[in-house]
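The next block holds one structure in the form of structure tokens; read it before the comments.
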């Protein structure tokens, strides 16, 4: 008897992740400035998936389910006009704010990459302020908008970490074959840290090499202990 052939894994590109007009009626989301934007709170979802839009709508705005039929359409049109009006009035300030936020994320990424303490952001902002006042005083106020407080840096790094984990999770869904590489080291507290790397290849022969995770080895570091940690993490 022939064995059933394994089903072909669905590729991310086959999922047709594009904004759908029906999301506006169902979840109050629109496509604006290359982002899927919520008409209610003006936030956007990172990935263009209906699941993300639906989850945001159901968790953040459950009271809007009371709008149905013609009342829902009128509410949607009202929120659309409000969004267009805000964008027309505050285009430049929004661009400056988005640029300041982008810079904040980039500096946060550099702080995390170099394992620097979060409060280094205050020092970096002070340096930026001095340079701006000396070199371009007319634009010094723009640099003041860059948020580099300790708690802000912490939130930025946590968001970046979660985003990377989500991207890696999506990529692993399209890998056909993979292998793991392990590296064990000791941190400053003398605790053994196990690094797990993944290397895979997709159906299109695209190579993927990423750090899958890091976990502490509290007890012994025998082969069986490492295997147990890998199985738990993967």
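The values are calculated or read from the model by the stated rules, or taken from the named source; none is laboratory data. Quick caveat, the model's predicted, so the values are computed rather than measured. Please note: Cβ atoms are built from the backbone with ideal geometry, for glycine as well, and neighbour counts cover all protein chains shown.
Some values worked out for this structure:
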{"quantity": "Members of region 208-234 found to be assigned to a strand (DSSP E or B) and within 15 Å of residue 181 (Cα to Cα), listed by number", "calculated": "208, 209, 210, 211, 212, 213, 214, 215"}
{"quantity": "Residues being exposed (fewer than 14 other Cβ atoms within 10 Å of the Cβ) and more than 15 Å from residue 104 (Cβ to Cβ) - total across region 124-158", "calculated": "10"}
{"quantity": "Exclusive hit being surrounded by 14 or more Cβ atoms within 10 Å (Cβ to Cβ), in contact (Cβ under 8 Å) with a residue 24 or more places away in the chain and not assigned by TED's automatic domain parsing to the domain that holds residue 103, set 195, 217", "calculated": "217"}
{"quantity": "From 57, 51, 105, residue being exposed (fewer than 11 other Cβ atoms within 10 Å of the Cβ) and under 24 Å from the mean Cα position of the chain (by Cα)", "calculated": "51"}
{"quantity": "Cβ pairs under 7 Å, 6+ apart, first in region 57-68 and under 17 Å from residue 37 (Cβ atoms), second part of a helix (DSSP H, G or I)", "calculated": "57/27"}
{"quantity": "Hits in region 147-176 - residues which are touching a residue at least 40 places away in the same chain (Cβ under 8 Å) and not in a helix (DSSP H, G or I)", "calculated": "147, 148, 173, 174, 176"}
